[in-house]
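Here is the structure we will look at.
Readers should treat all values here as calculations from the given coordinates under stated rules, not as data from a laboratory. Owing to the predicted nature of the structure, the values given are computational and were not obtained by experimental measurement. Note: ideal-geometry Cβ built from the backbone for every residue, glycine included; neighbour counts use all protein chains shown.
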Protein chains: 2
Amino acid sequence: MTTSTGANPYQITVGSVTRQLRLVPVGQMGFVPLIEFIGDSELTKAAAQALVPLIPEGTEALLTVVTNALPLTHELSDLSGLPYQVARKKRRTYMQNPLIQEMPGLTLGVSETLWLDGPHAERLSGKKVVIVQDVIATGSMAMALARLTERAGGTVHGYLAAFKQGENTLPMQYLQELPKWVQS
Amino acid sequence: MTTSTGANPYQITVGSVTRQLRLVPVGQMGFVPLIEFIGDSELTKAAAQALVPLIPEGTEALLTVVTNALPLTHELSDLSGLPYQVARKKRRTYMQNPLIQEMPGLTLGVSETLWLDGPHAERLSGKKVVIVQDVIATGSMAMALARLTERAGGTVHGYLAAFKQGENTLPMQYLQELPKWVQS
C-alpha cells in the first residue's frame, strides 16, 4: 500500500495514547481511516480529557447520537459534570412522545431517522446545548442534532467532536483533523 | 396507579445515587421498570464502581453488546483496566470476517443477529472473558455472547450485570434484582 503523504496519517496520538487506525477499503477509490472509540476505554478517556477544555463556557447539556460517540459522551459527562442526552436511530418501545427527526443520508433518496425520547427532550428545554460526536464529517448529522435541540426548546451552544474528517462549515471545536480518503 | 408491594420497587439506590425508575406500560398486563444508563453518567459510574469487586479473579477481557450496556462497560473497563469488546446488532461496512451469531428473539420465529468484528474477536482468543450486560433477564442474550466468546477462542469466565430482572439459571453476579412486572 502506498500513502498519499510522507508521514503516517493513520496514526493518532491523544494525550499519552497512540493508536494505529485501521484503514477501511471503500470501493476502488481507496481507504478511510477508522476511529474506534467503542472497545477502547483508554483512547476514549484520553479524548474526553482533551475535549473538556473545549466545551464552551455556559454549556448546560450535551446531546449526542448512538453508537460510536456514546462512551465518549458518557466520559465527557462524567468529567465535566454536565448531563447528556442521546438520540437513537430506532424507535424504542418505551419511548413517550419522542421527537422524530429525518436526516439526509449518504445515498440519494435514503434518509436516516433520529428519535429523541420525550422525557429526554424535556431535559434540553431552555438549556444551552452542545452537540457531541466522535467524528464530524459533512456535518449533516450534527445539523440534525441541532434541529432536535431547537425542537426540544434548547439553544445550540456549540459543536464538539474528537475528529474532523472532511469539509463542513460548522463552527466546531475538535482535537485533530483526519484524512477523509487515503488513495490506494 | 397501585403497586404490588408496600415498598416502592421503582426506586433504586446504587452507591450514593438514587433514581426513580420509569414504568413502561406493556400491553394490558402492567408495567416494566426501565433502567436507563444511557444519558446518566452518575448512575453508570456508581454501578461500575459497585461491579468492579464482582469481576471474577483472573478475568482478562469483557464482552458486551450494544447499546444500553455500552457506557457501563466502558466505565468498567476504565476502572478495572480490563479491555472490552462489543458485539453489534447490525453488520457494519467496515467489519472484517465478523463472527455472526443468531440469538432467539422474544417473538416466536423472529431472531436477532449479533456481529462481532473479526479483529475484535481475535482479542478474545485464549482469554478468560466475562460477559457484561446492564440487565440480564431470560439470559438468552448472555448465552449468545457466551457462544460468541467460545467461537472466538475464548473461555467464558463469568456473567456480570447491574441488575437481574426475571428468572434464569446463569451463574451471574449482579447488584440488585428488579421486579419484572408491576401489575397495574
### Message
Where in chain A is the longest stretch that carries no trypsin sites (Lys or Arg not before Pro) classed as loop by DSSP and with at most 16 other Cβ atoms within 10 Å?
### Response
A:1-88
### Query
Using a basic spin-label model with each label point 7 Å from the Cα along Cα→Cβ, how many nm lie between A:Leu79 and B:Thr13?
3.2
### Query
Which whole-number percent is the relative contact order of chain B (Cα, under 8 Å, 6+ apart)?
22
### Query
Dipole magnitude of the protein assembly as shown about its Cα centre, charges +1 at Lys/Arg Cβ and -1 at Asp/Glu Cβ only, in debye to the nearest 20?
620
#### Entry: C-alpha center-to-center spacing [the range A:113-184, the range A:17-68] in angstrom
13
### Query
Based on Cβ point charges of +1 for Lys and Arg and -1 for Asp and Glu, what charge dipole magnitude is obtained for the range A:14-151 about its Cα centre, in debye rounded to the nearest 20?
340
#### Entry: CD proxy at 222 nm, helix term only [per DSSP H run n ≥ 4: -39500 (n - 2.57); per residue of chain B; nearest 500]
-6000 deg cm²/dmol
### Task
Against the globular-protein guess of 2.2 N^0.38 Å, express the Cα radius of gyration of the protein assembly as shown as a ratio, rounded to two decimals.
0.99
### Message
Could you work out how much longer the chain between A:Lys90 and A:Glu57 gets when fully extended? Use 0.36 nm per residue separation minus the Cα distance between them, nm to one decimal.
### Response
8.6 nm
### Filter on A:Lys90/B:Lys127; A:Lys180/B:Lys127; A:Lys180/B:Lys89 - keep pairs with C-alpha separation over 32 Å
A:Lys90/B:Lys127; A:Lys180/B:Lys127
#### Entry: Dipole of the protein assembly as shown [Lys/Arg +1, Asp/Glu -1 at C-beta], most positive-end residue of B:Thr73, A:Met141, B:Leu54
A:Met141
### Task
Work out the P(r) tail for chain B: percent of alpha carbon pairs separated by more than 31 Å, whole number.
17
### Message
On a straight-distance basis, which aspartates and glutamates could pair with B:Lys164 in a cross-link, Cα separation under 18 angstrom, same-chain partners fewer than 8 positions away excluded?
### Response
B:Glu36, B:Asp134, B:Glu177
### Longest site-free stretch - chain B; sites: GluC sites (Glu not before Pro), DSSP loop, at most 10 other Cβ within 10 Å
B:58-166
